[in-house]
Every structure is written in structure tokens, then in C-alpha cells.
Amino acid sequence: MRISFLLHNAYGIGGTIRTTFNLAQVLAERHDVEIVSVFRHREKPMMGAPAGVTMRELVDLRRSSPDFAGDHPDHRRPAKVFPRGDGRHKQYSRLTDTRIAEHLRSLDADVVVGTRPGLNVHIARQTRRGPVRVAQEHLTLDGHGYRLRRELGYRYGLLDAITTVTEADARAYRTRLKLPGVRIESVPNSVPRPSVPPSDGSGTFVVAAGRLTGVKRYDLLVKAFSKVVAARPDWRLRIYGSGDATGNERDALTALVEERQLKDHVFLMGNAHPLEPEWVKGSIAAVTSSKESFGMTIVEAMRCGLPVVSTDCPHGPREIIEDGVDGRLVPTGDVDAIADALLELICDDELRLRSGAAALAASERFDPVRIAARHEALFTELVEQARTRGSRTALRDAAYRLRGTVYGSVYALRYLAAAVLRRAGRKG
């Protein structure tokens with residue numbers, strides 16, 4: 001098969017980039033695979049180009065490129081196809097609308113795969129007839145605003161399949177978006193086998209990793225560790241990751257560590273790449289998020305032989321951790337429950353080692369070869385169906401295109417009416 005992935009920016013850092021690279025590299029061992037990046041801002045991918053995969057860009061933002069200065073008149077005009085409800089909308093323009101459309105209308109592939117809602121809308125609306133159209137959801141339907149969910153309901157009917165990273169999110173798509181004829185499957189993200197030996201469970205470190213943002217609730221973890229230190233002062237907590245440009249979350253955590261007098265026990269380590277050597281220095285991993293679309297760090301820690309104490313938040317942890325076997329699930333937001341679960345593993349060496357071994361074994365199901373096989377089976381089935389489908393699919397597509405046109409017209413009229421009212425208000 002010829003498989004083409006469409007990414008926002010393959011030259012940055014992020015979970016969607018990492019999991020797409022993992023999948024593409026394995027598929028490239030048996031198929032012709034390319035990754036098309038809408039944007040390119042540096043010479044080489046930060047996360048390393050996947051072996052055997054062709055890479056190209058649609059808008060080149062490097063200084064040597066004509067696109068760099070943004071002189072093209074369409075560069076400053078807001079995108080019309082890329083939905084406003086997608087958080088990346090301000091980075092898109094009429095120029096990206098045109099470049100993406102040209103790419104999709106000339107695409108020579110059996111399968112085209114989008115990796116974020118805005119790009120999935122492009123694929124639904126602009127891909128020529130022939131390629132199978134697959135939308136990957138790397139976040140969650142509930143995590144999107146009403147405006148975006150509404151547009152997805154109108155546009156996604158033109159797709160052949162949607163894949164989510166959890167079964168809970170797949171159920172949300174099946175029940176809340178009425179998309180007859182669209183296959184909806186859950187396929188988790190993949191994590192490769194670490195390049196270092198697994199943790200031996202003897203270290204006295206709890207490790208957490210992820211961006212320093214409010215949703216990760218590292219404040220709860222620091223508070224819980226106060227209770228841990230009171231019982232086991234020989235243990236330490238390392239938190240890896242950086243925050244946004246403001247640094248507000250890091251400052252707040254630093255202040256909390258000082259307030260709790262934990263400067264000798266809790267350390268904000270910043271970024272580490274690769275992270276595997278840092279995971280294996282620890283003996284327990286901790287995740288205290290209020291929500292997760294999947295939980296890549298949970299799998300990464302388990303692949304390094306660490307049992308994970310995690311909040312039982314939507315959507316991913318419950319589908320990864322078997323409570324009491326390879327980790328612990330605790331109520332979201334419960335500081336005491338987090339501390340008690342950590343202490344249970346800290347104070348029982350045999351339990352900690354047994355749980356770590358179970359985590360290592362269970363994490364094999366997320367190996368890229370196994371995950372790629374599931375995608376490959378889905379793509380193969382959809383391509384075979386596409387070769388035999390006839391007027392019924394054509395009629396379905398025509399109906400959804402008409403529905404989308406009506407939606408776009410109604411939205412445009414509402415936008416125009418709101419602009420007129422705002423102008424009238426200013427004049428009044």
C-alpha cells in the first residue's frame with residue numbers, strides 16, 4: 001500500500017509527532033510511506049526522521065525559503081477550510097488552504113491519514129476520490145469545544161474511518177456523532193522498546209514526566225509527597241518537563257516546594273531527551289493529571305519496568321493500568337490517596353518489584369510492531385472495500401458534501417450578521 005500521513009509540523013516535539021513517526025517507520029518496512037508536514041521550520045526533525053519514510057513539507061518557513069517572509073498575499077488571510085474551532089487555526093491561512101488542497105487533490109496514495117481535527121477536515125473535504133480517508137484523534141472528542149465538535153459532525157461523514165487512542169473516546173464518537181458508514185475504532189499509541197535495561201526497582205526515586213501545565217496537577221503530587229517524606233525521608237521525587245513561555249506553572253511549583261520545605265526531596269528537572277535513562281533510575285512513576293487523552297508517559301514508564309500510580313482520570317489510565325497488578329489507580333484530585341498508593345509500593349519491596357515486572361510484561365502490547373499491525377489490518381480492509389464500493393458511497397459522499405455546504409453557508413450568514421451587529425453597536 002501507499003500510505004500518506006498529514007502532520008501539522010513534523011519538525012517540532014510532541015506526542016502526536018512521536019507516535020506518528022513510530023507507526024510510519026514500522027509500516028515502511030512493508031509499504032510505501034510518506035509523512036507530509038504542513039509546516040517546516042528547521043532543517044531536520046527534532047525527534048529524528050523515521051527510517052524508510054519519505055518526508056516533505058507544504059509551507060517552508062526556513063530563512064532560505066520564499067515562504068519565510070510571508071510575502072504571499074494569502075499568508076495574511078485567515079484560513080477558510082481549516083476550522084476555527086481547532087486551536088491551531090491562527091497558524092493557518094488561505095495559503096495553507098491552497099497548499100493542502102493541491103496536495104490532497106493530486107495525492108497518489110491508497111490511504112491518507114490525518115493527525116489532528118483541522119487536518120482531518122481538510123482530508124474529508126478536499127481529498128480526491130480514490131484514497132481511503134482516515135482521521136486519527138490524538139486528543140478526545142470531549143476535549144474539543146462545541147464549535148469544533150459541531151463542525152466535525154458535519155464534515156466527518158465524508159471519512160472512511162476514525163481511530164481514537166482509547167475505547168472510551170471511540171464510544172463517544174459512536175454515540176455522539178451520527179456518522180453512518182464511517183468505521184470508528186480504538187487503537188492505542190505505541191511506545192518502542194527502551195534502549196536501556198529496565199529499572200531494577202532498587203532506586204529511591206519516584207519519577208513524573210510531562211509538560212508543566214495545570215492539567216497535570218503536579219501540585220497534588222508535591223503535596224502528596226509531603227506525606228511520603230514524613231514516613232520515608234530517604235525517597236525523592238523527580239519531575240521532568242518544561243512549561244509554557246510564561247513559566248508560571250514552574251514558578252508556582254517551586255514556591256509550593258519551598259512552602260512544604262521539600263527542597264531536598266522534590267526536584268524540577270527540566271526537559272530530558274531521551275527520557276528512558278531517567279525513568280530507569282526510578283522505581284515508581286506517578287501521574288496525577290485531571291484528564292489524559294491517552295497517557296503516553298504511563299506506557300513509557302511501564303516499558304522501563306516501573307509500576308505507575310495514576311489518577312483514574314478520563315480517558316486513558318484505566319485502559320492501560322490494571323489496578324493492583326502493574327500499578328495503582330486512585331481517585332482524581334485525592335492527595336491522600338496518591339500518597340497512600342505511593343507509600344504502599346515504597347514500603348513493600350517485594351510488591352514493588354512484582355508490580356514493576358508486571359508493568360514491563362503488560363507494556364509489550366503497546367510495541368510499535370503490534371500497534372502497526374492493527375493499523376495495517378484496518379487500512380487493508382478499507383482499501384479492499386474501496387475497490388468494490390459503488391454508487392452507494394458516492395451518494396453518501398454527495399449527501400454529506402451538501403450537508404457541509406449548508407452548514408458553511410449558515411455559519412457564514414451568522415458570522416456576517418454578528419459583524420453587522422457589532423458595527424452597529426459601535427456606531428450607536
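The values are calculated or read from the model by the stated rules, or taken from the named source; none is laboratory data. Predicted, not measured: the structure shown is a model, and the values here were computed from it. FYI the Cβ positions are ideal-geometry reconstructions off the backbone, even for glycines, and counts take in every protein chain you see.
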Point to revise | Within segment 100-126, considering residues that are more than 20 Å from the chain's Cα centre (by Cα) and not in a helix (DSSP H, G or I), the one surrounded by the fewest Cβ atoms within 10 Å (Cβ to Cβ) | key: Ser106
Check your understanding: Met296 passes all but one of (1) over 19 Å from Gly333 (Cβ atoms); (2) modelled with pLDDT of 95 or more; which number fails?
Key -> (2)
Revision key, fill the gap. Of (1) charged (D, E, K, R); (2) surrounded by 19 or more Cβ atoms within 10 Å (Cβ to Cβ); (3) touching a residue at least 60 places away in the same chain (Cβ under 8 Å); (4) in contact with a Cys (Cβ under 9 Å, 6 or more places away or on another chain), Glu292 fails just (3)
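For residues in segment 229-250 being modelled with pLDDT under 95 and acidic (Asp, Glu), which is farthest from Gly201 (Cα to Cα)? Steps first, please.
Residues of segment 229-250 that are modelled with pLDDT under 95, as a first pass: 241-250.
Checking the rest, the ones that are also acidic (Asp, Glu) come to 244, 249.
On the way: Asp244: 33, Glu249: 30 Å.
Going through the qualifying residues, I end up with Asp244.
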**Study point:** In segment 34-61, the residues that are in contact with a His (Cβ under 9 Å, 6 or more places away or on another chain), under 26 Å from Pro274 (Cβ atoms) and surrounded by fewer than 19 Cβ atoms within 10 Å (Cβ to Cβ)
**Key:** Met46, Met47
**Study point:** From Arg129, Arg147, Arg133, residue being of a type in the set (Lys, Arg) and in a helix (DSSP H, G or I)
**Key:** Arg147
Review point. Can you find even one residue in segment 11-29 that is free of Cβ contacts under 8 Å to residues at least 12 places away in the same chain, out of contact with any Pro (no Cβ under 7 Å at 6 or more places or on another chain) and either at negative phi or surrounded by 15 or more Cβ atoms within 10 Å (Cβ to Cβ) (or both)?
Key: yes
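Name the residue that is surrounded by the fewest Cβ atoms within 10 Å (Cβ to Cβ), counting only residues in segment 206-239 that are of a type in the set (Phe, Trp, Tyr) and within 16 Å of Ser310 (Cα to Cα).
Going through the qualifying residues, I end up with Phe225.
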Review point. Which number in (1) under 29 Å from His138 (Cβ atoms); (2) in contact with a strand residue (DSSP E or B) (Cβ under 9 Å, 6 or more places away or on another chain) marks the one condition that Glu364 misses?
Key: (2)
Check your understanding: Is there any pair with a first residue in segment 216-242 that is acidic (Asp, Glu) and a second that is in a helix (DSSP H, G or I) whose Cβ atoms are under 8 Å apart and which are 6 or more apart or on different chains, and what are they?
Key -> Asp219/Ala252; Asp219/Leu253; Asp219/Leu256
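It is to be established whether one or more residues within segment 267-283 are modelled with pLDDT under 95 and either farther than 14 Å from Arg211 by Cβ or surrounded by 23 or more Cβ atoms within 10 Å (Cβ to Cβ) (or both).
Within segment 267-283, the first condition is being modelled with pLDDT under 95, and the residues that meet it are 270-275.
Right, trim to either farther than 14 Å from Arg211 by Cβ or surrounded by 23 or more Cβ atoms within 10 Å (Cβ to Cβ) (or both) and you get 274.
Within segment 267-283, one or more residues are modelled with pLDDT under 95 and either farther than 14 Å from Arg211 by Cβ or surrounded by 23 or more Cβ atoms within 10 Å (Cβ to Cβ) (or both).
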Point to revise | In segment 279-300, residue nearest to the chain's Cα centre (by Cα) [restricted to those that are of a type in the set (D, E, K, R) and either outside the structural domain of Asp219 (by TED's automatic domain parsing) or under 19 Å from Asp219 (Cβ atoms) (or both)] | key: Glu292
Study note, to complete from the structure: If you go through Ser202, Ser186, Ser195, the only one that is of a type outside the set (Lys, Arg), touching a residue at least 40 places away in the same chain (Cβ under 8 Å) and either under 28 Å from Ala337 (Cβ atoms) or crowded, with 20+ Cβ neighbours inside 10 Å (or both) is Ser202
Review point. Taking Gly130 and the conditions (1) touching a residue at least 40 places away in the same chain (Cβ under 8 Å); (2) out of contact with any helix residue (DSSP H, G or I) (no Cβ under 9 Å at 6 or more places or on another chain), which numbered condition does it fall short on, given that it satisfies the others?
Key: (2)
Exercise for review: Could you tell me whether segment 344-360 includes any residue that is in contact with a Gly (Cβ under 8 Å, 6 or more places away or on another chain) and of a type in the set (S, T, N, Q)?
Suggested key: yes
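Can you find a residue in segment 25-33 that is more than 28 Å from Ala373 (Cα to Cα) and of a type in the set (D, E, K, R)?
Residues of segment 25-33 more than 28 Å from Ala373 (Cα to Cα): none.
No, because not a single residue in segment 25-33 is more than 28 Å from Ala373 (Cα to Cα) and of a type in the set (D, E, K, R).
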**Study point:** Only listed residue being crowded, with 18+ Cβ neighbours inside 10 Å and within 14 Å of Val206 (Cβ to Cβ), chosen from Ala359, Ala337, Ala341
**Key:** Ala341
**Study point:** Counted residues, segment 140-160 - those being surrounded by fewer than 21 Cβ atoms within 10 Å (Cβ to Cβ) and under 19 Å from the mean Cα position of the chain (by Cα)
**Key:** 6
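Do we have Gln91 as surrounded by fewer than 19 Cβ atoms within 10 Å (Cβ to Cβ) and touching a Leu at 6+ places or on another chain (Cβ under 7 Å) here? Quick ask: steps written out before the conclusion?
Details: surrounded by fewer than 19 Cβ atoms within 10 Å (Cβ to Cβ): yes; touching a Leu at 6+ places or on another chain (Cβ under 7 Å): no.
Taking the combined requirement at face value, the residue does not satisfy it.
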Point to revise | Single match in Asp67, Asp97 (criterion: surrounded by 17 or more Cβ atoms within 10 Å (Cβ to Cβ), farther than 24 Å from Ala24 by Cα, at pLDDT below 95 and in the same structural domain as Arg150 (by TED's automatic domain parsing)) | key: Asp67
